Amino acid sequence: MPPSNSTMSANYVVDIRSDTVSLPTKEMRQAMLEAVVGDDVYGEDPTVLQLEQTSAKLFEKEAALFVPSGTMANLLAIMVHCHRRGTEAIVGDISHTFLYEQAGAAQIAGVQLATIKNKPDGTFCLREMQHKLRLYDDCHEPVTALVVVENTHNMCGGKALPLEWLDELAAICKDPVKTNGKRIALHMDGARIFNAATYLKVPVSRITKDFDSVCFCLSKGLSAPVGSVLVGNKTFINEARRLRKVLGGGMRQCGVLAAAGLVALETIVPRLNEDHQRTKRIAEALFNIHSPNISVDLANVHSNILLIHMVNPKVTADEFAKRLGTVTAQELADGVITSAENGASGIVLKVSARDWAYARIVLYHQITDKDVEYTIKKFEYVVKEFDRQLA
């Protein structure tokens, strides 16, 4: 694959840290070159309007808004739904909104986030959620205005939330008896919602039918260079559009970016299952090593994300990731990759680790079958190396 095969280093590099490193396709670049544009702040960019209309139709909602990032989309949803400062939104404790959006809800919107422990499948306990709902006019407390869920769930290994759970969640939040007559909005951080729809074999509109708003990312697994889309009813989107301006999200002639998004929806979404299948192949290879130190949950690989768990506390994810990114002399002597092939002498895998108890890989459009083959070779070699050292 051209973006990951580095001839300069003489190593075959596969970058699977995240699908955010995906690159726009030739079709996207051509569409960007030819895009008809106008001033989007005035609502006059025809390509942006087309992207927004297409997105709204896909989700069977009234309107949509093109924004620079998923973080801005989630913040806008919080600001609109929690329209009064000092309100509260409920989120999962390992959700992207809580962990990786710089406390924007509090910092900018004046909204407090209350967390519920996420289960391994990305859901949380609905009974606990009901206990956390603050619905009475007590001057000492904030009032719950919003519940946010993430689908697929990044930190839970790309799990698609079960439809039955989403239906039950909506039944609670939309029942005036259970909410003391208060309106509790539902927002879905659907950065990778098309992956969820692919896994569940349903349209995205089925997943979000009871949600007041949803956002999805164009620049992750969909390979567009920039942007997310926020979807909801007309009143919601009108207010989000106004607030986008104060957050610095007015992008003027951004049809050049929206054009890539339209190509992504047309050409990348239908082939997401290929990413899922390749991810599963890597998971199966790791599982079949039967390492006592490193494991994967093969039965629950849903999409393009795979978590590789460090079972032995003597192995940290950071150490594992650093070793995968290194080519040793012994490795070359053992012929992990032939020097004649592609002019490469070794395999370098870039994976995510941070301070987690697992390493994470995420596949995307540019990761080919050959990349998967080399990824498996490298994993097998390094895992067995760790097993020998720890035996």
So Phe211 fits all but one of (1) assigned to a loop (DSSP other than H, G, I, E, B); (2) open to solvent by 60 Å² or more (accessible area, probe 1.4 Å); (3) of a type outside the set (Val, Ile, Thr); what number is the exception? (2)
Determine which single condition Gly122 fails, assuming it passes every other condition in (1) out of contact with any His (no Cβ under 9 Å at 6 or more places or on another chain); (2) within 30 Å of Ala283 (Cβ to Cβ). (1)
Please count how many residues of region 281-310 are assigned to a loop (DSSP other than H, G, I, E, B) and either in contact (Cβ under 8 Å) with a residue 60 or more places away in the chain or surrounded by 20 or more Cβ atoms within 10 Å (Cβ to Cβ) (or both). 10
Pick from region 329-357, criterion assigned to a helix (DSSP H, G or I) and either of a type in the set (Gly, Ala, Ser) or in contact with a His (Cβ under 6 Å, 6 or more places away or on another chain) (or both), ranking: modelled with the lowest pLDDT: Gly343
Do you know which residues across region 357-378 are among the β-branched types (Val, Ile, Thr) and open to solvent by less than 10 Å² (accessible area, probe 1.4 Å)? Ile361, Val362, Ile367, Val372, Thr375
Could you please let me know if Glu380 is in contact (Cβ under 8 Å) with a residue 40 or more places away in the chain, over 30 Å from Leu272 (Cα atoms) and in a helix (DSSP H, G or I)? no
Sole exception among (1) closer than 30 Å to Ser69 by Cβ; (2) touching a strand residue (DSSP E or B) at 6+ places or on another chain (Cβ under 7 Å) for Gly346, by number: (1)
By my count, helices (runs of 4 or more DSSP H) wholly in region 83-159 with at least 2 residues that are touching a residue at least 40 places away in the same chain (Cβ under 8 Å), within 22 Å of Arg183 (Cβ to Cβ) and open to solvent by less than 50 Å² (accessible area, probe 1.4 Å) are 126-132
I want to confirm something. Restricting to region 266-280 and keeping residues that are touching a helix residue (DSSP H, G or I) at 6+ places or on another chain (Cβ under 6 Å), open to solvent by 20 Å² or more (accessible area, probe 1.4 Å) and not β-branched (Val, Ile, Thr), which single residue is farthest from Asp45 (Cα to Cα)? Arg278
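The values are calculated or read from the model by the stated rules, or taken from the named source; none is laboratory data. Just so it is clear, the structure is predicted and the values come from calculations on it, not from any experiment. We place every Cβ from the backbone using ideal geometry, glycine too, and count neighbours over all the protein chains shown. The protein model used for the area step is the full one, side chains on, heavy atoms only, and it has no ligands, DNA or RNA in it. Shrake-Rupley method; radii C 1.70, N 1.55, O 1.52, S 1.80 Å.
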